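Trainee: Okay, here's the structure, questions in a sec.
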Amino acid sequence: MMRSEGAKMDTDKSKSAAPVPLAAWVPDERPKAPSTKSAAVQRGERYALPGDVQAEVRKAFEGTTYQREKMVTFLTRAAEAYDRHRYEEALRLAKTVADATPGVAPVRELAGLAAYRAERFAMARGHLRAYFELTGDAVHLPIVMDSERAGRKFRAVEKTFEEVVGSEPTADVLAEARIVLASARADQGKYTEAIDELTKGGATKVLRNPAYRHVRMWYALADVYDRSGDAAMAREFFGRVVVADPDAYDAARRLEDLGAVNIRKNRKRKTTSVSKKKFVD
């Protein structure tokens, strides 16, 4: 995802599976980590796209020199709007460029992520699936799955998960895909299948220093147990989340709602708070 680093923006693949935080439509309040503003936003510096992205847009666009530069300007403004959390504006600008240069992967990526953040799920699905087809990179397929889930296209969710598995994904991408798949099954009341899927992915492992994906999966498993009416198991896994990071998502509140008390925090952990780790943004 294009990301500002001052006067120039660099491309950087997500180091975690998860895409961006799930959108607000999710009924089960899946974990949502706060996004962080780029260095350029904080310093008030002007944006510039990476040179290779500018060159790719210019090469792909059929038009005059003035029109090509206009497309580069639109994409730059779209990236800046996205970084400033103005997702509708980012989508409008990025879509204009995507319509004119459909074969440029970074453009489809930005348009897809902006659409997802703006809760335009069908559009997000289209752009991010195109990104996958252009690059073979499965990093955003979990977002495609979640967009399908938003439209209750549950068969499509299952099919896309198979694509994720077949793409030899990173552990983080696979974990996020499992979370979306399990949540989609829980949406259909298939709680046993949802729990089985997360368990298959290692969500029940007891870890002293869990990675980000492990805490995500604990939360997802706790949520499924809570939705299924198994308060005891929900407390168990929300408790694990809170021990790993008391600030992670809304786990502490949900644990309290379930009647848990005296959760001992893991004071030995010195890693970055899970809820404060950076997402692709």
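The values are calculated or read from the model by the stated rules, or taken from the named source; none is laboratory data. Because the structure is predicted, anything quoted here is derived from the model rather than measured. In this analysis, Cβ positions are derived from the backbone assuming ideal geometry, glycine residues included, and neighbour counts consider all displayed protein chains.
Trainee: On the basis of being part of a loop (DSSP other than H, G, I, E, B) and among the hydrophobic types (A, V, I, L, M, F, W, C), does Ala203 make the cut? Spell out the reasoning first.
Mentor: Working: part of a loop (DSSP other than H, G, I, E, B): yes; among the hydrophobic types (A, V, I, L, M, F, W, C): yes.
Yes; evaluated as a whole, the condition is true for this residue.
Trainee: May I ask you to verify whether Ala79 is of a type in the set (Gly, Ala, Ser), touching a residue at least 60 places away in the same chain (Cβ under 8 Å) and over 23 Å from Glu163 (Cα atoms)?
Mentor: When the stated conditions are applied, Ala79 passes them.
Trainee: Next question. Counting only residues that are outside any helix (DSSP H, G or I) and either aromatic (Phe, Trp, Tyr) or surrounded by fewer than 22 Cβ atoms within 10 Å (Cβ to Cβ) (or both), which one in region 209-221 is modelled with the highest pLDDT? Explain how you work it out, then say what you get.
Mentor: Here is the first cut: in region 209-221, the residues outside any helix (DSSP H, G or I) are 209-211.
Now restrict to residues that are either aromatic (Phe, Trp, Tyr) or surrounded by fewer than 22 Cβ atoms within 10 Å (Cβ to Cβ) (or both): 209, 211.
Values: Asn209: 88, Ala211: 92.
Here the answer is Ala211.
Trainee: Take Leu174 and decide whether it is under 22 Å from Arg152 (Cβ atoms), within 19 Å of the chain's Cα centre (by Cα) and either at pLDDT 95 or above or surrounded by 17 or more Cβ atoms within 10 Å (Cβ to Cβ) (or both). Show your work before the answer.
Mentor: Values: under 22 Å from Arg152 (Cβ atoms): no; within 19 Å of the chain's Cα centre (by Cα): yes; either at pLDDT 95 or above or surrounded by 17 or more Cβ atoms within 10 Å (Cβ to Cβ) (or both): yes.
Judged against the criteria, Leu174 is not a match.
Trainee: Exactly one condition in (1) in contact (Cβ under 8 Å) with a residue 24 or more places away in the chain; (2) surrounded by fewer than 19 Cβ atoms within 10 Å (Cβ to Cβ); (3) over 28 Å from Ser228 (Cα atoms) is not met by Glu119; state its number.
Mentor: (3)
Trainee: Looking at Ala124, Ala111 in this structure, which one is crowded, with 19+ Cβ neighbours inside 10 Å, more than 22 Å from Arg185 (Cα to Cα) and without any contact (Cβ under 8 Å) to a residue 40 or more places away in the chain? I'd like the intermediate steps shown before the answer.
Mentor: Details: Ala124 fails: more than 22 Å from Arg185 (Cα to Cα).
Result: Ala111 is the single residue among Ala124, Ala111 that is crowded, with 19+ Cβ neighbours inside 10 Å, more than 22 Å from Arg185 (Cα to Cα) and without any contact (Cβ under 8 Å) to a residue 40 or more places away in the chain.
Trainee: Looking only at region 88-104, count how many residues are surrounded by fewer than 19 Cβ atoms within 10 Å (Cβ to Cβ) and either closer than 18 Å to Thr73 by Cβ or under 20 Å from the mean Cα position of the chain (by Cα) (or both). Reasoning before the result, please.
Mentor: Of all residues in region 88-104, those surrounded by fewer than 19 Cβ atoms within 10 Å (Cβ to Cβ) come to 88-89, 92, 96, 99, 102-103.
Still in the running and either closer than 18 Å to Thr73 by Cβ or under 20 Å from the mean Cα position of the chain (by Cα) (or both): 88-89, 92, 96, 99.
Of the residues in region 88-104, 5 are surrounded by fewer than 19 Cβ atoms within 10 Å (Cβ to Cβ) and either closer than 18 Å to Thr73 by Cβ or under 20 Å from the mean Cα position of the chain (by Cα) (or both).
Trainee: Residues to consider are Val224, Val206; find the one that is buried (at least 20 other Cβ atoms within 10 Å of the Cβ) and not polar (S, T, N, Q). Lay out the reasoning, then the answer.
Mentor: Values: Val206 fails: buried (at least 20 other Cβ atoms within 10 Å of the Cβ).
Just one listed residue meets the conditions, Val224.
Trainee: Residues of region 46-71 being outside any loop (DSSP other than H, G, I, E, B), closer than 13 Å to Gly103 by Cα, touching a residue at least 24 places away in the same chain (Cβ under 8 Å) and not small (Gly, Ala, Ser), which ones?
Mentor: Result: Val53, Glu56, Val57.
Trainee: Can you name the condition, by its number, that Glu168 falls short on among (1) closer than 21 Å to His140 by Cβ; (2) part of a helix (DSSP H, G or I)?
Mentor: Only one criterion is unmet by Glu168, namely (2).
Trainee: Consider only pairs whose beta carbons are under 8 Å apart and that are at least six residues apart or on different chains; among these, list those whose first residue lies in region 233-258 and is within 19 Å of Arg208 (Cβ to Cβ) and whose second residue is of a type in the set (Lys, Arg).
Mentor: What qualifies is Phe238/Arg254; Val242/Lys265; Val243/Arg264; Val243/Lys265; Ala244/Arg269; Asp245/Arg269; Pro246/Lys265; Asp247/Lys276.
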